[in-house]
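A quick write-up on the structure given underneath.
The values are calculated or read from the model by the stated rules, or taken from the named source; none is laboratory data. A quick note: this is a predicted structure, and the numbers were derived from the prediction, not measured. Positions of Cβ are backbone-derived with ideal geometry, glycine not excepted, and every protein chain shown enters the neighbour counts. Just so you know, the surface numbers come from the protein's heavy atoms only, side chains and all, with ligands and any DNA or RNA stripped out. Shrake-Rupley method; radii C 1.70, N 1.55, O 1.52, S 1.80 Å.
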Amino acid sequence: LLLKTQHVDGKIQLVLQADEDMRQKIELLQEENQNREAKQKHEAEGEEERKIMLRRMGYVLEDFNLKEIEKCAVIGSAQELLCKLGKGDFMCVIGPPASGKTLTMFQVASAAARAV
């Protein structure tokens, strides 16, 4: 093994050469770490977005019970809704943003106005 030296300010200094194999391993490790961190960030953001969407839909995640939600009645028409409301029932319209909740309520109001 030959060691390279150089003279600097009257002193002899050892010149170190980079180990290419070690440099490649370090670059590979850094790339793997970046990929893993990006994946973790994406998964965390995806989970957070799901929680936000569920909160917007009226579900509280701690009390989230899919069986209770499945038992809820689905109303198929504005006329059916009016019949239920006429009997004293109440309703809660849930859905993600831009899913048509306001338009549905408009249609219900229009149907009620026509029925009167």
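Overview of results
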| item | result |
| --- | --- |
| Flag for GLU27 being under 30 Å from MET105 (Cβ atoms) and either in contact with a strand residue (DSSP E or B) (Cβ under 7 Å, 6 or more places away or on another chain) or at pLDDT 75 or above (or both) | no |
| When residues of the range 85-104 are limited to those that are surrounded by 14 or more Cβ atoms within 10 Å (Cβ to Cβ) and farther than 18 Å from LEU54 by Cα, the one modelled with the lowest pLDDT | LEU85 |
| Residue in the range 60-84 that is modelled with the highest pLDDT, counting only those that are open to solvent by 70 Å² or more (accessible area, probe 1.4 Å) and among the hydrophobic types (A, V, I, L, M, F, W, C) | CYS83 |
| Matching option when the condition is surrounded by 10 or more Cβ atoms within 10 Å (Cβ to Cβ) and at pLDDT below 85, among GLU47, GLU32, GLU37 | GLU47 |
